[in-house]
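Down below is the structure, laid out as structure tokens.
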Amino acid sequence: MHDNFPEGNGILQQDGARPHTARVTQQFITDNNISLLHCVSLSPDVYPIEHVWDEFKRRVYVRPHAPVNVQQLKYAVIEE
């Protein structure tokens, strides 16, 4: 963080994932006076790719024959 923002004006974004809320992580953030921007874990607004995965799931599993193995899933995803 200090290498990228030597003047201390950087903000670290993190969600509520366990590694982010661990005591050692929180202590490091406090000790190094790091500013935080909290966000909701896996929020589709923050992670737009989640919209794509949701659409894939819908399209693949509403097919007449849902995939039952990895190979069928691969073909279904490619077709969609």
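Tallying residues that are at pLDDT 85 or above, part of a loop (DSSP other than H, G, I, E, B) and in contact with a helix residue (DSSP H, G or I) (Cβ under 9 Å, 6 or more places away or on another chain) within segment 36-79 yields 3.
Note on segment 8-35: residues that are of a type in the set (A, V, I, L, M), open to solvent by less than 50 Å² (accessible area, probe 1.4 Å) and not in a helix (DSSP H, G or I) amount to 3.
The values are calculated or read from the model by the stated rules, or taken from the named source; none is laboratory data. None of these values were measured; they are calculated from a predicted model. Here the Cβ is made from the backbone with ideal geometry for all residues, glycine too, and neighbour counts use every protein chain on show. Accessible surface areas use protein heavy atoms only, side chains included; no ligands, DNA or RNA. Shrake-Rupley method; radii C 1.70, N 1.55, O 1.52, S 1.80 Å.
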